[in-house]
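Student: I have a structure I would like to understand better, so I am pasting it below and will then ask my questions one at a time.
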Amino acid sequence: MANECTPLFKPGRDVTVLTTTAVTGKTFVSVTADPDTRTGLIKAGTATAGSRPFGVASRTTPSGGQLLVYREAILPVTAGAAITAGQEVEVGANGRAIPLNTGTSVGTAIKGAASGADALIALH
């Protein structure tokens, strides 16, 4: 067929990326560059505060490593400030979840947490 659209990944699927920075597990990551020309892997690193992330890091990974990114789920995400159940969250410093303030809503807390602990976040 001419001009056929073939998805690289379908919604909700976890994606393996090539890290461009060191990434800490259970934090938000964002796309940082075009896919790697050798492997075809999407390049990603720690999400910046207020950004719309690509997903959540499955584990701590050094720069240049391969990392599984969870895209749509209810996941433990490290809190960067106190979060209560029911609050919408955004990306804070170091890719951590914080209560929604001036950034973009990325999920809703299903279980709250103190800063530094893991909150359960339902990703949007």
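The values are calculated or read from the model by the stated rules, or taken from the named source; none is laboratory data. Computed from a predicted model, the values in this text were never measured in an experiment. Virtual Cβ from ideal backbone geometry, glycine too; neighbours counted across all protein chains shown. The accessibility values were calculated without ligands, DNA or RNA, using every heavy atom of the protein model including side chains. Shrake-Rupley method; radii C 1.70, N 1.55, O 1.52, S 1.80 Å.
Student: Name the shape class, rounded, prolate or oblate, that the alpha-carbon gyration tensor gives for segment 80-124, where a ≥ b ≥ c are the square roots of its eigenvalues, rounded holds for a/c under 1.5, and otherwise prolate holds if a/b is larger than b/c and oblate otherwise.
Tutor: Judged from the Cα gyration tensor, segment 80-124 comes out oblate (a/c at least 1.5, b/c at or above a/b).
Student: Given the C-alpha centroids of segment 95-122 and segment 31-56, what is the distance between them in whole angstrom?
Tutor: 20
Student: Pick the calculated Kirkwood radius over Cα pairs in Å for this structure from (i) 17.2; (ii) 15.0; (iii) 14.5?
Tutor: (iii)
Student: Near V89, within a Cβ-to-Cβ distance under 14 Å, what is the net charge of the other residues, with Lys and Arg +1 and Asp and Glu -1?
Tutor: Details: positive: K26, R52, R96, K111; negative: E88, E90, D118.
Overall, the nearby charge balance is +1.
Student: Show me, for segment 80-97, the HN-Hα J-couplings you get by feeding each phi into the Karplus relation (A = 6.51, B = -1.76, C = 1.60, θ = phi - 60°), rounded to Hz, glycine and proline as x.
Tutor: Computed from phi, the couplings for segment 80-97 are x, 7, 4, 10, 10, 4, x, 6, 6, 10, 10, 7, x, 4, 6, x, 8, 7 Hz.
Student: With springs only between Cα atoms under 10 Å, which of T48, T78, T37 fluctuates most in a Gaussian network model of the chain?
Tutor: T37
Student: Roughly to the nearest percent, how much of the accessible area of segment 14-124 is carbon and sulfur, given a 1.4 Å probe? Display every interim value, and only then the final one.
Tutor: Working: 2700 of 5180 Å².
Exposed carbon and sulfur together represent 52 percent of the surface.
Student: Could you tally the net charge around L123, taking each other residue with its Cβ under 10 Å from the Cβ of L123, Lys/Arg +1 and Asp/Glu -1? Before the final figure, lay out each step's value.
Tutor: Details: positive: R71; negative: E72.
Here the count lands on 0.
Student: If a/c stays under 1.5 just call it rounded; otherwise compare a/b with b/c (prolate if a/b is bigger, oblate if not). Do that for segment 55-107, with a ≥ b ≥ c from the square roots of the Cα gyration tensor eigenvalues. Could the numbers behind the result be given before it?
Tutor: Numbers: a/c = 2.25, a/b = 1.81, b/c = 1.24.
The shape class here is prolate.
Student: Heavy-atom accessible area per residue, the chain, 1.4 Å probe: how many Å²?
Tutor: Numbers: 6680 Å² over 124 residues.
That works out to 54 Å² for each residue.
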